[in-house]
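Presented below is the structure to which this report refers.
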Amino acid sequence: MFLHDSPAPDPRRVRMFLAEKGITVPTVQVDTREAEQLGEEFRRRNP
């Protein structure tokens with residue numbers, strides 16, 4: 001499992017929850033300001 005992280009509020013809430021529970025999850029940084037989530041790689045995962 002990976003956490004797709006960005007400066008948005010929702011991933012921040014998930015990071016805070018994980019920190020409170022002491023859970024570590026690998027993260028993948030996604031630059032939503034540059035619309036990286038709309039690229040071909042993400043489109044292949046979730047058409």
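Just wondering, is there one or more residues in region 2-9 that are modelled with pLDDT of 80 or more and among the polar types (S, T, N, Q)? Yes, that holds for at least one residue.
Residue by residue, here is whether (1) within 12 Å of the chain's Cα centre (by Cα); (2) surrounded by 11 or more Cβ atoms within 10 Å (Cβ to Cβ); (3) in a helix (DSSP H, G or I) holds:
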site: 7; (1), (2), (3): yes, yes, no
site: 16; (1), (2), (3): no, no, yes
site: 24; (1), (2), (3): no, no, no
site: 28; (1), (2), (3): yes, no, no
site: 37; (1), (2), (3): yes, yes, yes
site: 47; (1), (2), (3): no, no, no
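The values are calculated or read from the model by the stated rules, or taken from the named source; none is laboratory data. Here the structure is a predicted model, which is why all the values come from computation and not from measurement. Methodologically, a virtual Cβ is constructed for each residue, glycine included, from the backbone with ideal geometry; neighbour enumeration extends over all protein chains shown.
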